[in-house]
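Enquirer: My questions all concern the structure below.
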């Protein structure tokens, strides 16, 4: 089966400003002013949630078309809690990442509540971002 290769390049700018190149698109990441940034864009943790919410919504659209479900609208809210001590280099017994991530979906479709839940369960099983969070994924890093 063919594979899809995804590549993103991030280049650090002044302060906390980071410009990323994603295909023909440029995205800006930053930190809020109170954290030393200039607040010109979402921070990396927010983009992480954007990626998850966007993937769930995209896969839902694909599944709705495949299943011939009239999906009139959908809102995907992703939230989570983390202790920032680890990312700030402070001692902590907590993990550096999120303790939990919650996805809340509101959808307008001709489905019962039970059918909506089954639909979203199947969407999340098909979402690569969700799958990469739910299961261990090997991540390698190098420096040049």
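Enquirer: Mind listing whichever residues of region 21-36 are over 26 Å from residue 85 (Cβ atoms) and either in the same structural domain as residue 82 (by TED's automatic domain parsing) or touching a helix residue (DSSP H, G or I) at 6+ places or on another chain (Cβ under 9 Å) (or both)?
Expert: 27
Enquirer: Could you say which residue among 67, 125, 39 is at pLDDT 95 or above, under 23 Å from residue 18 (Cβ atoms), touching a helix residue (DSSP H, G or I) at 6+ places or on another chain (Cβ under 9 Å) and surrounded by fewer than 15 Cβ atoms within 10 Å (Cβ to Cβ)?
Expert: Of 67, 125, 39, the one residue that is at pLDDT 95 or above, under 23 Å from residue 18 (Cβ atoms), touching a helix residue (DSSP H, G or I) at 6+ places or on another chain (Cβ under 9 Å) and surrounded by fewer than 15 Cβ atoms within 10 Å (Cβ to Cβ) is 39.
Enquirer: Give 106, 96, 143 a once-over and let me know the one that is outside the structural domain of residue 78 (by TED's automatic domain parsing) and either modelled with pLDDT under 95 or not in a helix (DSSP H, G or I) (or both).
Expert: Sole residue among the options that is outside the structural domain of residue 78 (by TED's automatic domain parsing) and either modelled with pLDDT under 95 or not in a helix (DSSP H, G or I) (or both): 143.
Enquirer: Hey, any hits in region 109-128 for a residue that's within 21 Å of residue 46 (Cβ to Cβ) and part of a helix (DSSP H, G or I)?
Expert: First, pick out the residues of region 109-128 that are within 21 Å of residue 46 (Cβ to Cβ): 124, 127-128.
Adding the requirement that they be part of a helix (DSSP H, G or I) leaves 124, 128.
The answer is yes; a qualifying residue exists.
Enquirer: Please determine, by comparing only the residues of region 27-36 that are closer than 24 Å to residue 139 by Cα and over 15 Å from the mean Cα position of the chain (by Cα), which one is surrounded by the fewest Cβ atoms within 10 Å (Cβ to Cβ).
Expert: Going through the qualifying residues, I end up with 28.
Enquirer: Report yes if some residue within region 46-60 is modelled with pLDDT of 95 or more and outside any helix (DSSP H, G or I); otherwise report no. Walk me through how you get there before you give the answer.
Expert: Going through region 46-60, the residues modelled with pLDDT of 95 or more turn out to be 46-60.
With outside any helix (DSSP H, G or I) added as a condition, the list becomes none.
For region 46-60, residues modelled with pLDDT of 95 or more and outside any helix (DSSP H, G or I): absent.
Enquirer: Here is a follow-up. Picking from 76, 105, which residue would you name as being buried (at least 16 other Cβ atoms within 10 Å of the Cβ), under 30 Å from residue 9 (Cβ atoms) and touching a helix residue (DSSP H, G or I) at 6+ places or on another chain (Cβ under 6 Å)?
Expert: Unique residue meeting the criteria: 76.
Enquirer: What number of residues in region 15-36 are part of a loop (DSSP other than H, G, I, E, B) and touching a residue at least 12 places away in the same chain (Cβ under 8 Å)?
Expert: Of the residues in region 15-36, 6 are part of a loop (DSSP other than H, G, I, E, B) and touching a residue at least 12 places away in the same chain (Cβ under 8 Å).
The values are calculated or read from the model by the stated rules, or taken from the named source; none is laboratory data. Keep in mind the model is a prediction, meaning the values are calculated, not measured. Virtual Cβ from ideal backbone geometry, glycine too; neighbours counted across all protein chains shown.
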